[in-house]
Each structure stands twice: as structure tokens, then as C-alpha cells.
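Structure first, commentary second.
The values are calculated or read from the model by the stated rules, or taken from the named source; none is laboratory data. Bear in mind that the values here come from a model prediction, so they are computed numbers and not experimental data. All Cβ positions, glycine included, derive from the backbone under ideal geometry; neighbour counts span all protein chains shown. With ligands, DNA and RNA removed, areas are computed over all heavy atoms of the protein, side chains included. Shrake-Rupley method; radii C 1.70, N 1.55, O 1.52, S 1.80 Å.
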Amino acid sequence: MRPRTLVFITMVVLCHSPVRGQVLTNALPPSQSETQAQNEQSASSSSVFLPDDPGQEALPVAQPEPLPQTGVPVSWKADRETWVGHTATLYGVEDFHYRDYVLRADKVVYNQETSELEAEGHLQMSGGPADVTLTASRGDMRLNMHTARFYDVIGTAGVRRAGRALVYSTPNPFVFSARVVLQTAEGKYKIIDGTMTNCRLPKPDWQLLARHIDVAEGHASSTNTIFKLFGVPIFDLPYLRHPVEEGGRESGLLIPVISVGSSIRGFTFGEQAYLVINRSMDMVLGTEYYSRRGWAPNGDFRYKGPGLDHLTVRWNALFDRGYNEEVEEGPQAGQTVHVNQGGVDILAIGRKDFSPDTRIAGNVEYLSNYVYRLVFNDNYWQAVSSEVKSTAFYSHNDNGFIPSVRAGRVQAFAGSTPGDEARILHLPSVRFDVLDRPMWTSPLYWGLGSSIAHLGRSEPGFHAHNLGRFDLYPHVSVPIVAGGWSIVPEGALRVTFYSGSQTPDVTGLNAGVPSVSHDPLLRTYGEASIDIRPPVLARDFTLGRWNRTVRHVIEPELIYRFAGGIGSKAQDVLLVDTTDIATDTDEVGYSLTQRFYLRPTVDRPESCDPVEVEHPCRPRPREWASWQVAQKFFINANFGGALIPDRRNVFETTLDLTGVSFLTQPRNLSPVISRVRFEAIHNLRLQWDLDYDPKAGRLGADNVYAGYSWGETTIGIGHSLLNAVDEMGSSASLIQSQQLEPFLEIGKQSRVGFNLAANGGYDFVHGALQYAGIQAVYNWNCCGLTVGYRRFALGSLRDETQYLYSFTLANFGSVGDIRRSNSVFRDSSAPPRY
């Protein structure tokens, strides 16, 4: 070794710190005490921990992340608690929370490691997915496995407890009691030696007793179940499956229909099967047996999809074995004939929305025999309805451009004789409509109506098939609003082509029935109109005594309309719908409408939004009365030659004024119409529609509907009078009708306590009571008894007396023959009677 190398090594060893293995900085995380001591030393003397070299940085301290928490948090509130290891003994437990369950008991022993729990003394448990509430003497639970065992139990599903009060979250809660209840999983229970009911506590009207009841997936099932009513055993059910959840449905047999009260049907026995297809669809299939007539199958299908999508199909039929009747008049007088009044009635109503602007919808009905409806329909208004209408359409709205396809069928029965009917078909009709829209930047608005249709019409002595029609109807308007005036001039051109036509029977040799011609027809005409509405006149009147202000408003309106180019060609048009009854006209229509508004003069801030209390809003005025009087003056009295004298003529210009046909001769003045609406008194409504013909000097129609409600009682009356000219228009030949229809309703059919409904219809022309019905209901806690009487007197075809009854168990079913169709109480989904 060289001398200089030896000297260098010697100097390094003597002058430097000892060379040894370096210890890793912060090899292990310091304990909590060490960390606290280091922090204290750092606060007192931070220079000790500074590195020798100011540019040197210490390595970061590695802190391990805490382990994620496992299990479900548990909390409680108790008067006293003691701990032995992981086991807590709680006394006077008020709220023991686990998930959405709440438990109360005098004593609870809970193990944190196993989540086992034992409770005794006034045990109460509530919560869970079905709002289950249990009251038991004692019980043990395994919280993490959702298993439990309770003794001496009274429980409910669909009832929430708010303090000491019970809040029913469903209208028909599931209530049970048991010697032992086993919870096998979340939402699954086994009831041992127990009862179940849907009646509200504490005294249920009916109960079902069984040794073993399984509650799972929203239903309860049991075998060998005893049904008790008011504590008395009634009958035994070999198998029972009952829904637990609100809106729950179960497939099975429904309660049989037993009726003995119809003079036409005789004794009635029926049964139906209910089938749940899926969450959106269900079906009822069944049949009834009329001892005097035969078998009557029936059923319905229901589908409810997203939004407004739905489909409902109902069908009723009767395989009538008929009866023998002696003919009193006609060629077969004195002979005995066999009468069969059976038939089929099928109704389907549905809608499907493909998008907010595209949908398909329909209302389709098939009736094989009008007599079947007249004799066997339980609803009076449906029984006397002589029209069967079916319509199905597809439409798409693209910013006001509306293409559509429509198929329709109208069947109107003129009497009970087979074949005495009229049929009108639209199979199909393709339309393209454009809603009124501005024409570029001009003040003009334009719109369009167009269609291509395949039509048909048939009635006794007249048949027109395979009729094609093309219709084009463009129109423009110029709305003008200034100084309170509203003036709307409008012009249009209409072109309609028919592949066939008719030859009218002007002389009456064929009883006014036209003959069909295969000659095509082109109808072109123009029309112009102007709608003038002057400024509204208004005046306020203060009623200081009643703190009210009455505003009287007068709204005049004047309309002039001209249509020309059709002439007598209107008589050659085959009449199918309102498109075909256009005629030449030159007319002036005028009307005067008076409205009365009522408003309190005293502001009531409590009725406003609490945020806007500083600026109290004024109550809105209420329209409590209105009266409109209108008439038309025809400058062209014979409508361009379209009018046929001594005939009932129905034109487009008369339909928007009155529904009563009045054109039998050329005339300049139409009947005067009056429309009165009165609602000045709270819960009092009056509607009076009157049509007076000054040329004939008689009322064409006089209809009054009035009703008043106070509390749970509604009373009302309806009066209808009609004087319509017959088909040939003779002054002595009138179709007259005058009926009086009173009604009374006290309470509702589902209200607890006593409820009553009555109505009827008396015909003054025939001097007979056509219809009368009365129904009394008394409802207890969850069951009800209904008795009723109904009377039909619809000529010789139907003279029927019905004695009705029904006993209903809430959320279970009903025994009897009172249904929705023959109930005297008003259907809540139907429009008001007045």
C-alpha cells in the first residue's frame, strides 16, 4: 500500500462518525402515548428534531387506514344498562333501533358479537318492509339473520304506530294474533295457532282461525280455516290464500253469486274465477245460471301500463232457452211463438301512447241483439240506449301537423224488431289536419282539413256500400283585436268528391227514402264568415250587508256566414256524417251572454301563501250565474234549394244551435235558445236549457237539472221535455217525450253507518213509472249489509221487479247480487248528476 493511501484511510476513520447499519426512520407507527409525548417535546423544543442539514427533509410518517366498519349500527335508549363482556342487559328500553325496526320492552339482553337479542315484558316491535307491528309477552331474535320467535302475539301489517296512536297506512290492514309467531326471514312469518282479519282493532267484525298460517311475498295462506262472523263460527275453508299488502291480488275462486229477486231471471246462481296474470294484467271468468232463462257467461280483462296506457275488455252473454208467447196482433194472431232474447255484448276500451305526440286508442263495442240489452242490462241508462258506437284511431302530432287513421262503426236501433236498424261505417278514414298557424310574418292564419274515407250506410229499404270520399278543406283567417273589439274574418274553400250519390224522393212516393245512384259527384263551394265581438260591458255592485261585490258582465256576439256553390246538389249527397250535410247558407247569428261574478270585499290573508302574508291576495271572483240567449236569421230561406218541404231536414248550420230538428219549411228565423247556469248558493247548482220555436209556437226542448247538497246528503231533480217533428214533417205528427227524474243520496255506499240512495223516472206522455230504485246500506267496521229494490217498466219487453241484497267483507268479497252496474248509488267515477 502506498504511504499516501494509508494516511487518507487513517484520517477518514479518525475524523468521521462510526460507520454502521442505518435504522429506518419511523419503521413502525408510534403508539398513541409515544405520539403524544413527541408532540409535547415538539412544542417545547422543536430544534431537537431539526435535521443537521437545513435542506434535508424527513421521510413521511406512514399511517395505516382503519378497517371498514362491519355490521349494522344499533342504538337504544334505556333507563339502565349493565355490561358483561360484549353482552348488554338493558332495563326500561324505550327505543331499540336496528335498520328500520324499533323495539320496546321492559328488559332486553343484547350480544354485540352474535347480534342475538332476548326481550321480555310488554314487548313491542314495529317497522320492516310491510309496516309490521307486534305486541308480545316475550321473544328472542337474531338481528343479522332476520329470524325471531315471539309468544302471545297480536300483530298488524299496514299499521304504523305514532306514539300510542295507530296510523293505518292501508285502508284494510292485515291483523293477526297467535300463540307463537316465527320469523324465518325478512318479511316472512309463520303464525302458529292464530287468527287473521282485515278489520280494524280492537274489535274485528270477522276473523279467520287456523293452526298454521304462512305469511310471505305479500300474501297469507292456510288450510282448514274457520270463518267467524261477530264471534260465531260460520263455515270451514279447506284452503285460503289472502293478500296482505295494499293492492295485493291473488288468483282463485270468488264468492258465489246467489240471487232470488228477479221476476225475469228467476233464481240466479253464479261463480267466477279471478286470475292474476302479472303485475299489470288480471282477468275474471265466470258464468251465472238464470233458472227461467239459461246460462249467462261473463268476464272481463284489465291491463294497466305506464302513463295512460290501458286496456279493458268486458263481455256478457246469455244462451237463452226462451219462452213461448201467444201473438195478439198481426198475421200470426192467436198462434204461439217461441221467443229467444239471448245475445252477446262485448266492450273494449284501450289506449297506447308510443310517445307524447303519438298514440293509438279505441272504444269498440259489439252487440248482437238490442233486445238482449234492453231486457237484461242492469244499468237503466245503458238499457235504454239504442246506439252502439265503435271508434279506433291512430294519430301523430308533429308541431300542429296531425296525420291520423280512423275506423268507426255506428249502429242505431229503431226498435226491437230484428233488422230495424241503421249502420254507418268508416272503414277506414285517413286524415291529415293542420292546426291554425301564422302564414309567415303576415297577420294571416291558415289551417287545413283533409281526408280520404271508405264509407257505407244501410238501413231498411236503403243500402249504400263501397262509397269513396275525398275531402279537402283549406281555410284562412285574420284575427283583429283592438280597443276591446275582437273581429275574426275567415274564408275557406271546400272540395269533396264522392264515388257515388243518391236520388232524393222529393214527392214522397217511397216514404221519403232516396235511391242509390252509382254516378260520381263533385261538390265544390266556398264560404266566408266574420265573427264580431264588441267590448264587454261590466259594472260592479256592492252588497255592503253581505260584504260582497257583484260584477255584471254583458258579452254580445254577432256572426255572419255565407256559403255558396252547392245549390240543390246537396240533395244528391249520400249522408254519412256531418261532412255531408253542408248546404248553401246566408245567415246572421247573434247572441247575448250575461254573467254574474261574486267576490268577497274583505281580504282574507289566511287563504294566501304564508310567504306572501305581507301582501295579502284578494279572493278570486266566482261565477255564480250566466244566461245566454241566441238565434239565427236565415237570409237564404231555402238554403240554395237543399231544403225538401214537409220533411225533417238536418243541415250543418242548425247543428251548432240546437239539437232539435226544426226545418220542415223555408223559414227566416230559427228557434230561440236559452242557456241558464246558476250556482249562487254554495252546493246548489241549476242548469236550464230551453229551445222555443216562435214559428210553431211551441217549445222544442225544455230541460232542467237541479241539485243541492248539505253534509252527506244530496237531493235533486231532472225534467226533460222534447217536441220533435216526425220524419215527414206533418204539423200534427210530433215525437213527444216528457220525463221527471228525482234522486236522493244520503252518505256513500262505503261510509260507516247508515246510507241511503233512491232515484226514479216517470214518463208523463205514457203516464207510467219507467224506472225506480232504492238502496239502503249499513256498514260496520269492515263489513256491510245492503238491501235494495228496483223496478223496470220498459214496455211489453221488460216488466221486471228486482229484490237485491249484498253482504260485504272488506278486502275479502261480497255475497249477493248488488254490483257496480245495478247500484242505485252514483258511481264516483261518473260525472255529477247535475
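Values for this structure:
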| quantity | calculated |
| --- | --- |
| Selection within segment 288-310 - open to solvent by less than 30 Å² (accessible area, probe 1.4 Å) and either without any contact (Cβ under 8 Å) to a residue 40 or more places away in the chain or over 13 Å from the mean Cα position of the chain (by Cα) (or both) | 288, 290, 293, 294, 296, 298, 299, 305 |
| The one condition in (1) surrounded by 14 or more Cβ atoms within 10 Å (Cβ to Cβ); (2) farther than 30 Å from residue 133 by Cα that residue 249 fails to fulfil | (2) |
| Qualifying residue in segment 638-659 (condition: among the aliphatic types (A, V, I, L, M) and part of a strand (DSSP E or B)) | no |
| Index of the failed condition, residue 676 passing every other in (1) at pLDDT below 95; (2) outside any loop (DSSP other than H, G, I, E, B); (3) of a type in the set (Val, Ile, Thr) | (1) |
| Single residue of 801, 786 found to be among the polar types (S, T, N, Q), in contact with a strand residue (DSSP E or B) (Cβ under 9 Å, 6 or more places away or on another chain) and either at positive phi or surrounded by fewer than 19 Cβ atoms within 10 Å (Cβ to Cβ) (or both) | 801 |
| Options 599, 620: the member that is at pLDDT below 95, assigned to a strand (DSSP E or B) and among the charged types (D, E, K, R) | 599 |
| Strands (runs of 3 or more DSSP E) fully within segment 475-530 counting 1 or more residues that are crowded, with 18+ Cβ neighbours inside 10 Å | 485-498, 501-503 |
| Subset of segment 389-404 that is more than 23 Å from the chain's Cα centre (by Cα) and part of a strand (DSSP E or B) - its residue that is farthest from residue 353 (Cα to Cα) | 401 |
| Candidates 734, 744, 722, 699 - the one that is in contact (Cβ under 8 Å) with a residue 40 or more places away in the chain and open to solvent by 30 Å² or more (accessible area, probe 1.4 Å) | 722 |
| Exclusive hit being in a strand (DSSP E or B), on the phi < 0 side of the Ramachandran plot and over 34 Å from the mean Cα position of the chain (by Cα), set 735, 774 | 735 |
| Output for segment 789-798, where each listed residue is open to solvent by 60 Å² or more (accessible area, probe 1.4 Å), part of a strand (DSSP E or B) and more than 30 Å from residue 206 (Cβ to Cβ) | 791 |
| Unique residue being touching a residue at least 12 places away in the same chain (Cβ under 8 Å) and of a type in the set (Gly, Ala, Ser) when the list is 795, 767, 761 | 761 |
| Filtered residue count, segment 197-214, keeping only those that are open to solvent by less than 80 Å² (accessible area, probe 1.4 Å) and either closer than 12 Å to residue 230 by Cβ or among the β-branched types (Val, Ile, Thr) (or both) | 7 |
| Matching option when the condition is of a type in the set (A, V, I, L, M), open to solvent by less than 40 Å² (accessible area, probe 1.4 Å), under 28 Å from residue 761 (Cβ atoms) and touching a Phe, Trp or Tyr at 6+ places or on another chain (Cβ under 6 Å), among 339, 388, 313, 371 | 339 |
| Among residues of segment 804-814, those that are open to solvent by 20 Å² or more (accessible area, probe 1.4 Å) and either over 27 Å from residue 372 (Cβ atoms) or small (Gly, Ala, Ser) (or both), counted | 7 |
| Among (1) open to solvent by less than 30 Å² (accessible area, probe 1.4 Å); (2) closer than 17 Å to residue 652 by Cβ; (3) among the polar types (S, T, N, Q) - the single one residue 593 does not satisfy | (2) |
| Failed item in (1) at pLDDT 95 or above; (2) more than 23 Å from the chain's Cα centre (by Cα), with residue 353 passing the rest | (2) |
| Counted residues, segment 541-566 - those being within 40 Å of the chain's Cα centre (by Cα) and in a strand (DSSP E or B) | 12 |
| Segment 257-282 - residue that is of a type in the set (D, E, K, R) and assigned to a strand (DSSP E or B) and, of those, nearest to residue 799 (Cα to Cα) | 271 |
| Elements of type strands (runs of 3 or more DSSP E) in segment 312-388, at least 2 residues being in contact with a helix residue (DSSP H, G or I) (Cβ under 7 Å, 6 or more places away or on another chain) | 343-355 |
| Residue satisfying condition, being more than 32 Å from the chain's Cα centre (by Cα), open to solvent by less than 20 Å² (accessible area, probe 1.4 Å) and under 30 Å from residue 318 (Cβ atoms), within set 266, 194 | 266 |
| Yes/no for residue 278 being open to solvent by 60 Å² or more (accessible area, probe 1.4 Å), under 20 Å from residue 341 (Cβ atoms) and within 26 Å of the chain's Cα centre (by Cα) | no |
| Qualifying residue in segment 640-661 (condition: in contact with a Pro (Cβ under 6 Å, 6 or more places away or on another chain) and open to solvent by 20 Å² or more (accessible area, probe 1.4 Å)) | no |
| Criterion (open to solvent by less than 40 Å² (accessible area, probe 1.4 Å), within 25 Å of residue 359 (Cβ to Cβ) and among the small types (Gly, Ala, Ser)) met by exactly one of 407, 422 | 407 |
| Residue under evaluation residue 417, criteria (1) closer than 30 Å to residue 374 by Cα; (2) in a strand (DSSP E or B); (3) polar (S, T, N, Q); (4) more than 36 Å from the chain's Cα centre (by Cα), criterion not met | (2) |
| Odd one out for residue 354, checked against (1) within 24 Å of residue 427 (Cα to Cα); (2) among the aromatic types (Phe, Trp, Tyr); (3) surrounded by 15 or more Cβ atoms within 10 Å (Cβ to Cβ) | (3) |
| Residues satisfying the stated conditions in segment 135-146, i.e. touching a strand residue (DSSP E or B) at 6+ places or on another chain (Cβ under 7 Å) and either at pLDDT 90 or above or open to solvent by 50 Å² or more (accessible area, probe 1.4 Å) (or both) | 135, 136, 137, 138, 139, 140, 141, 142 |
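One line per residue, one yes/no per condition, for (1) modelled with pLDDT of 70 or more; (2) part of a strand (DSSP E or B); (3) more than 33 Å from the chain's Cα centre (by Cα):
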{"site": "580", "(1), (2), (3)": "yes, no, yes"}
{"site": "588", "(1), (2), (3)": "yes, yes, yes"}
{"site": "593", "(1), (2), (3)": "yes, yes, yes"}
{"site": "611", "(1), (2), (3)": "no, no, yes"}
